[in-house]
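Nothing in this text is a laboratory measurement; each read-out follows from the coordinates by a stated rule. Everything numeric here is computed off the predicted structure, so don't read it as measured data. Backbone-built Cβ (ideal geometry, glycine too); neighbour counts: all protein chains shown.
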Amino acid sequence: MLFRYTILYVENVAASIDFYERAFGLERLFLHESGDYGEMSTGGTKLAFSSVSLMTSLGKAPGKADPSAPVFEIAFETQDVPAALERALAAGAALRQAARVEPWGQTTSYVSDPDGYLVEICSPVQLPSPG
């Protein structure tokens with residue numbers, strides 16, 4: 001089984017893709033001509049966006065993302081968390097947590113995207129030494 005993609009339900013797919021290009025440097029794979037679905041390359045998986053209106057027409061009732069009470073987060077790993085955080089903020093992300101070094105040695109920061117999804121920007125986790 002492969003974890004192929006995560007789909008975020010958004011009001012404006014093109015605007016969300018544009019934000020993720022500017023904020024995180026992701027590559028747009030495609031935007032359907034209807035504007036209701038698009039995908040971005042993130043390495044081994046894809047980050048996809050579907051419009052709320054499309055999901056509603058398919059009988060779903062997508063909820064609104066709330067960064068104050070998230071039910072999940074997206075995490076992007078980088079060697080330079082402060083620089084990546086500044087890029088995201090300059091693109092319109094809202095700061096949720098400034099960059100800080102956690103007790104386990106990882107640097108983390110949090111933003112929310114314009115649709116309210118929580119995004120972690122973090123350094124690689126330092127695995128314990130075998131011993």
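What list do you get for 112, 16 if you sort them by fewest beta carbons within 10 Å?
Values: 112 20, 16 23.
Going from sparsest to densest Cβ surroundings: 112, 16.
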* To do: Please report, in debye to the nearest 20, how large the charge dipole of the chain is about its Cα centre when each Lys and Arg carries +1 at its beta carbon and each Asp and Glu carries -1 there.
  => 180
* Structure fact -> Distance in Å, no decimals, from the C-alpha centre of segment 1-19 to the one of segment 28-69 is 4
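Assign unit charges at the C-beta atoms only (+1 for Lys and Arg, -1 for Asp and Glu), then state the dipole size of segment 1-62 relative to its Cα centre in Debye, rounded to the nearest 20. Walk me through the intermediate numbers first.
Numbers: 5 positive and 7 negative charges, 45 e Å.
Computed charge dipole of segment 1-62: roughly 220 debye.
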* Residues 41, 68, sorted so that the one with the fewest Cβ neighbours within 10 Å comes first -> 68, 41
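Can you check what the net charge comes to around residue 45, using other residues whose Cβ is under 12 Å from the Cβ of residue 45 (Lys, Arg +1; Asp, Glu -1)? Could the numbers behind the result be given before it?
Working: positive: 4, 46; negative: 39.
Taking every other residue near residue 45 into account, the sum is +1.
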* **Within a Gaussian network of the chain (alpha carbon springs, distance under 10 Å), most fluctuating of 17, 121, 74** => 74
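Test of the criteria: in segment 67-129, which GluC sites (Glu not before Pro) are in a DSSP loop and have at most 13 other Cβ atoms within 10 angstrom of their Cβ? The partial results should precede the final answer.
Details: sites: 73, 77, 86, 120; in loops: 73.
For GluC sites (Glu not before Pro) across segment 67-129 that sit outside H, G, I, E and B with at most 13 neighbouring Cβ atoms in 10 Å, the list reads 73.
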* Asked: Helix-derived [θ] at 222 nm for the chain: sum -39500 (n - 2.57) over DSSP H runs of at least 4, divide by residue count, nearest 500?
  -> -6000 deg cm²/dmol
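If neighbour count is taken as other Cβ atoms inside 10 Å, put 10, 71 in order from fewest to most.
Details: 10 24, 71 8.
Listed from fewest to most nearby Cβ atoms, that is 71, 10.
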* Asked: Computed FRET efficiency, Cβ-Cβ of residue 55 and residue 96, R0 35 Å: what is it to the nearest 0.05?
  -> 0.85
